[in-house]
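Participant: Structure in structure tokens, see below.
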Amino acid sequence: EKATAPLPPPATAPKGGPPPDHYVISVCPTLGDNEAKAVNVLANAVHFLTRLERQLQMGRKTLWLVDQHPYTCIVGGPVSGKKAVGERVAQSMGLACVNAADLLIEVLAGQGIFTVDEEAAEEAVLCSSMGMPVPGGGEIEERLCEKVVERLLSDECQREGFLLIGFPRNANQLQAMITGGVCPSKLVIIEDTEPNCITKCSAFRTDPIDGSTVNLAGQGGVIDKAYRTRLIKRDKDEPFNVKKRFLSARNGLNAMRKALPPPCQFLSLDGFVDREESLWQKSDAYVREPPMP
């Protein structure tokens, strides 16, 4: 929704109504709400109006009550929950959801106009299987950046706005987005601690029969004994490899955060303290916020 400021005053002010140069918001608690909930509704309304007033004072001529066309990226370390959170935010806001992991698969498969050297592809596949990013500055990363920009410039993403999952992971990838004209307006970073990351990864197993991945921590202790026996722990989930993945992700994200251009906002969330529902609620509220003046 869009409102232009200042609003043109009506010919005659409504009898008993507010002055014509004032914004008005109607707060209507529903039947059965307790006093605490009613007060919270009123407090949220006051915060909303205060934010709009601050935007006007800073010189904004047009007020966006909701950011309906965000260019958003959500990134994080291993098993940070970025995919699940990103998909929920995209669905709730009607955004085009793009997963960089899917685009990498297309690049490695040589789909479309992007063809890659076989040796470089094998190296990237090995890195991907170990949960590591593709080699920085190499051919695969260059092709991946091109693929991401191409997808974000598609009619769907430009029309609906987009939410990109798992990209950019470093300063080079961010620069590729800026050069390609799809610089993110908002960035959500889900951070975690190394011990918690190792603990979560240690619960993952692979079924050698169908290749599916099982999270033992999410089974609630109810799992068939014979089925559990045949499950295999992946090499990338061994503590030593998880530590390498964690440090690689943290270093890349720190460098990328320092390279963010001024127009881009970012929100850091604590994946150790917040669970998926809380991460989704905070991310969704942040992406919906009106863009800065």
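Participant: Considering amide H positions built from the backbone, and no H for Pro or chain starts, which residues 5 or more places from Gly180, or on another chain, come under 5 Å of its amide H?
Facilitator: Correct list: empty.
Participant: Can you compute 3J(HN,Hα) from phi for each residue in segment 248-265, using the Karplus curve 6.51 cos²θ - 1.76 cosθ + 1.60 with θ = phi - 60°, rounded to whole Hz and x for Gly and Pro?
Facilitator: 4, 5, 5, 5, x, 5, 5, 5, 5, 5, 5, 8, 4, x, x, x, 7, 9
Participant: Using modelled amide H (1.01 Å from N, peptide plane; none on Pro or chain starts), what sits under 5 Å from the amide H of Asn99, excluding residues fewer than 5 places away?
Facilitator: Amide H neighbours of Asn99: Ile165.
Participant: With θ taken as phi - 60° and the coefficients 6.51, -1.76 and 1.60, list the Karplus ³J(HN,Hα) couplings across segment 139-144 in order, rounded to whole Hz; mark glycine and proline as x.
Facilitator: Per residue, the Karplus-derived 3J(HN,Hα) values read 5, 5, 5, 4, 5, 5 Hz.
Participant: What's the FRET efficiency of Phe240 with Glu277 using the Cβ-Cβ distance as r and R₀ = 45 Å, to the nearest 0.05?
Facilitator: After rounding, the FRET efficiency stands at 0.90.
Participant: Compute the distance from the alpha-carbon center of segment 230-292 to that of segment 171-193, in whole Å.
Facilitator: Between the Cα centres of segment 230-292 and segment 171-193 lies a distance of 12 Å.
Participant: Further, regarding this structure: Can you list, largest first and rounded to whole Å, the semi-axes you get for segment 232-291 by taking the square root of 5 times each eigenvalue of its Cα gyration tensor?
Facilitator: Calculated on Cα positions only, the semi-axes equal 28, 18, 8 Å.
Participant: Going by amide H atoms built from the backbone, whose H comes under 5 Å of the H on Val214, apart from near neighbours?
Facilitator: Amide H neighbours of Val214: Arg205, Thr206, Asp207.
Participant: Placing +1 on the Cβ of each Lys and Arg and -1 on the Cβ of each Asp and Glu in segment 210-279, which of Leu247, Leu279, Ser212 has its Cα farthest towards the positive end of the resulting dipole?
Facilitator: Leu247
Participant: Return a whole-number percent for the relative contact order of segment 156-274, with Cα pairs under 8 Å and 6 or more residues apart as the contact set.
Facilitator: Numbers: 112 pairs, mean separation 51.3, N = 119.
Over segment 156-274, the number comes to 43 percent.
Rule-based calculations on the coordinates, nothing more; no lab input. All figures in this text were calculated on a predicted structure; none of them were measured in a lab. Here Cβ is always computed from backbone atoms with ideal geometry, including for glycine, and neighbour counts include all displayed protein chains.
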